[in-house]
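Chemist: The structure is given below, and queries will be raised subsequently.
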């Protein structure tokens, strides 16, 4: 098999696997596809059987996700509880994308590893063990398939934390204004949850639901900080809990935290600006500078090679 065909098949397997993982991790947490379809039919006033509603769902919702959940239930019997707890915590920090369970995510890693490794085995065929290079490439691709879901999950966690960090100063300003105007902290949190549609407002809304269900406010806030995992947000929650326990003015604490968060946001912007020249160095050295050299030196080289003085350098 030619190297071009091998490269094409490898790229095809990787693209399909990445597309499936990204599709499975879309943010549709808390959405029941069957109930969503049923609501659509009800709005249109059409009578439909349960079979028709199920068949109207996408292949991913109808086959892939239930199969993954079933495999996750089987894996639950053989998976260490500590590993499942770690995965569950990371899924919570990522916002629980699409309501994925820890067991399902754990199984997905092995499934992708098998798909990647099996794809490479099919590409090389009988030459898999003929050359050490082919075997090492297959092992490397298999390992990549195993760690890729973790990489995507960590990336989503970082994006969610960055979104929370950017929204936190404005949310603290609104909390401060509401508390200084006479509202309680829970009512101020409700204002934040209702005003925006971002990860921070969703986190506040979930904490309020937990408080309404009977959880203590400090425990709900502490759990919210653990689900987000951003250092700035944990510092804010710790200050709020300490203020509640010591009887310090909540408005004063919120004002101090708001000023501190704005200073931190400005410092992060300055750090990003200082890193920009270093990040730009690589594309400049390998893309921009060679292009400039070709544009400036190219005509001179052509004149030397084919111009009147070309005879000086030989026939």
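The values are calculated or read from the model by the stated rules, or taken from the named source; none is laboratory data. Everything numeric in this text was worked out from a predicted model, so none of it was measured. As a convention, Cβ positions derive from the backbone with ideal geometry for all residues, glycine included, and neighbour counts pool all protein chains shown.
Chemist: Report whether or not residue 217 is surrounded by 13 or more Cβ atoms within 10 Å (Cβ to Cβ) and farther than 24 Å from residue 158 by Cβ.
Modeler: Yes, satisfied.
The rows are residues; the columns are (1) in the same structural domain as residue 187 (by TED's automatic domain parsing); (2) buried (at least 18 other Cβ atoms within 10 Å of the Cβ); (3) part of a helix (DSSP H, G or I).
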position	(1), (2), (3)
130	no, no, no
133	no, no, yes
137	no, no, yes
140	no, no, yes
150	no, no, yes
154	no, no, yes
173	yes, no, yes
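Chemist: Quick one: which of 256, 237, 211 is over 14 Å from residue 175 (Cβ atoms) and in a helix (DSSP H, G or I)?
Modeler: 211
Chemist: Here's a follow-up. Failed condition for residue 278, given (1) at negative phi; (2) touching a helix residue (DSSP H, G or I) at 6+ places or on another chain (Cβ under 9 Å), with all others met?
Modeler: (2)
Chemist: Taking residue 244, is it in contact (Cβ under 8 Å) with a residue 60 or more places away in the chain and surrounded by 14 or more Cβ atoms within 10 Å (Cβ to Cβ)?
Modeler: For residue 244, the condition - in contact (Cβ under 8 Å) with a residue 60 or more places away in the chain and surrounded by 14 or more Cβ atoms within 10 Å (Cβ to Cβ) - is not met.
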